[in-house]
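So the structure is just underneath, and the comments pick up after that.
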Amino acid sequence: AVAHQLRTPMATLMVASDALRPEHGELAPGERDELVDILVRQSAKLRALIDDVVALVDPSATIRPVEVLTPIRGTLASLASQYLPNHPVETVADDDTVFDAALALRLLAPLLRNVADHVPVDAPVRLHGGPHPELRGTFALVVEDGGPGIAGDVTDLVGAFRQGPEATGEPSPGLGLGLTVVDAMARTLGGSLVLGRSALGGLEAAVLLPDRGTDRG
């Protein structure tokens, strides 16, 4: 699974790069721009995959000490704008709840990339951040989507180098390393990744972390 995910952007990069070689003839401006755009996007995708592999090998290496706590609502909105610019996203958080923005990025980026890759752009997405309403002493970062959902036991999705089973109604291209990476980082922090079915109709991924009193205002 890992090799396949790395080969796909690499193959695309090689094809696009080869098409730009002078010996293949002059390209129209629009064609050249399109190839350059492919190179940029696939390079970013490959870098993200490599970051995920590094995080999986040594989760603690990607986690920095808390330096700045910022309002989690703003952090969620910023991440939604960056990773899901075309999806309708609702952010749910109290204005006075703060969290380490860099850590939120590391934990949520793989989940948001999965949403961007596998959830239709017209499906709703909801991001939560704050103390868990039922588990005392737990801080929760939650990503919910209104996608097609996952057939079978969603808890079985978390595992090294495993792919998701078929999505309801159509084959799933796989959820990749993202879930495994987030689970590994959460466990390093003394927490966990819990998967379930979202009230929106798709997947709910909740990162549950010990709330030691530094994540709230």
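Candidates in segment 3-27 are the residues that are modelled with pLDDT under 80 and among the hydrophobic types (A, V, I, L, M, F, W, C); of these, the one that is surrounded by the fewest Cβ atoms within 10 Å (Cβ to Cβ) is Ala3.
Please go through segment 82-105 and give me each residue that is touching a helix residue (DSSP H, G or I) at 6+ places or on another chain (Cβ under 6 Å) and assigned to a helix (DSSP H, G or I), ordered by number. Within segment 82-105, Tyr83, Ala101, Ala104 qualify.
Among the residues of segment 129-138, the ones that are assigned to a strand (DSSP E or B) and either surrounded by 19 or more Cβ atoms within 10 Å (Cβ to Cβ) or modelled with pLDDT under 90 (or both) come to 2 in all. Taking first residues from segment 80-99 that are over 12 Å from Pro124 (Cβ atoms) and partners that are of a type in the set (Phe, Trp, Tyr), the Cβ contacts under 8 Å between residues at least 6 apart in sequence or on separate chains come to Phe99/Phe139.
If you go through segment 139-155 and pick out every residue that is modelled with pLDDT of 95 or more and farther than 15 Å from Ala80 by Cβ, you end up with 2.
Here's the yes/no breakdown for (1) under 16 Å from the mean Cα position of the chain (by Cα); (2) modelled with pLDDT of 90 or more; (3) at negative phi:
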site: Pro29; (1), (2), (3): no, no, yes
site: Val36; (1), (2), (3): no, no, yes
site: Leu46; (1), (2), (3): yes, no, yes
site: Asp58; (1), (2), (3): no, no, yes
site: Leu69; (1), (2), (3): no, no, yes
site: Leu84; (1), (2), (3): yes, yes, yes
site: Leu108; (1), (2), (3): yes, yes, yes
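The values are calculated or read from the model by the stated rules, or taken from the named source; none is laboratory data. Every value quoted in this text rests on a predicted model; they were computed, and no experiment measured them. Here Cβ is always computed from backbone atoms with ideal geometry, including for glycine, and neighbour counts include all displayed protein chains.
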